[in-house]
Amino acid sequence: MGVTSVVKIEDQGAEDGLEELVALARMIAYARQVAQDVKLQFATNCLDLALEAVKQEVGEGLTRELGELSSPVPQVSVRSH
């Protein structure tokens, strides 16, 4: 197993994790809407907190991924002599 295959496996794991977090956010949003419809204020507030926490995790995951994509590359200066 080469380095590139290890990186691909790690990237796939990160993608799967983000997809799971997005799916979880959708489920929480649905449950929150139902709780709001039946006027369960405490449940709605708790689900608001849960949704914000998941959104924060998704944001951090995306930030990490974008950071990896735009990793600093040393600048090379080429001068003609």
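The values are calculated or read from the model by the stated rules, or taken from the named source; none is laboratory data. For clarity, every value in this text was computed on a predicted model and none was experimentally measured. Side chains are part of the model used for accessible areas, which takes the heavy atoms of the whole protein and leaves out ligands, DNA and RNA. Shrake-Rupley method; radii C 1.70, N 1.55, O 1.52, S 1.80 Å.
For segment 28-81, filtered to residues that are hydroxyl-bearing (Ser, Thr, Tyr) and at pLDDT below 90, the residue that is most open to solvent (accessible area, probe 1.4 Å) is Ser80. Inclusion of Ile9 among residues that are modelled with pLDDT of 75 or more and β-branched (Val, Ile, Thr) is not warranted.
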